[in-house]
1. Near Thr56, within a Cβ-to-Cβ distance under 15 Å, what is the net charge of the other residues, with Lys and Arg +1 and Asp and Glu -1?
2. Around Arg40, under 15 Å between beta carbons, what's the net of Lys plus Arg minus Asp minus Glu among the other residues?
3. Restricted to Cα positions, what overall size does the range 38-98 have along the principal axes? Three whole-Å values, descending.
Amino acid sequence: MRVMTALPIVALTACTAQPPHAIATRAAGSCIELSQVTARHVAPPSSVIFETTHGTYRAELLGNCAARATANDIVETVSQSTELCRDDRVRVFDPVEAKATGSRSFPQCRIGSITAVPAA
């Protein structure tokens with residue numbers, strides 16, 4: 001009898017499952033699924049571009065954390081989650097300087113808004 005009761009619940013769950021999307025929604029705003037990120041790079045002076053399997057997204061960096069960031073810098077996510085959302089952190093650093101001091105010597109930057117970049 002228990003098997004009969006569980007069967008409709010399993011069937012209902014399978015019908016309502018949705019495929020993962022590159023951008024999800026958390027209470028604070030938009031999030032990027034990190035598992036779907038294919039590339040990331042700095043867009044000076046204060047943005048990071050994330051290319052995903054479902055589109056491209058611009059994450060604004062708050063404050064003047066990355067004021068000296070250049071297009072050659074590396075972006076490291078600091079999120080402990082599978083998503084990168086507003087108020088999460090990234091570290092932007094020069095790869096040459098990081099060889100001498102380590103990437104942890106660079107400040108963490110807080111993510112502001114995350115918006116979709118229209119396809120060209």
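1. Values: positive: Arg40, Arg58; negative: Glu33, Glu51, Glu60.
After counting each charged neighbour, the total is -1.
2. Numbers: positive: Arg58, Arg89, Arg91; negative: Glu33, Glu51, Glu60, Asp73, Glu76, Glu83, Asp88.
Net charge in that neighbourhood comes out at -4.
3. Extents along the principal axes: 30, 21, 19 Å.
No value in this document is a laboratory result; all are computed from the given coordinates. Everything quoted here is computed from the prediction, not taken from an experiment. Backbone-built Cβ (ideal geometry, glycine too); neighbour counts: all protein chains shown.
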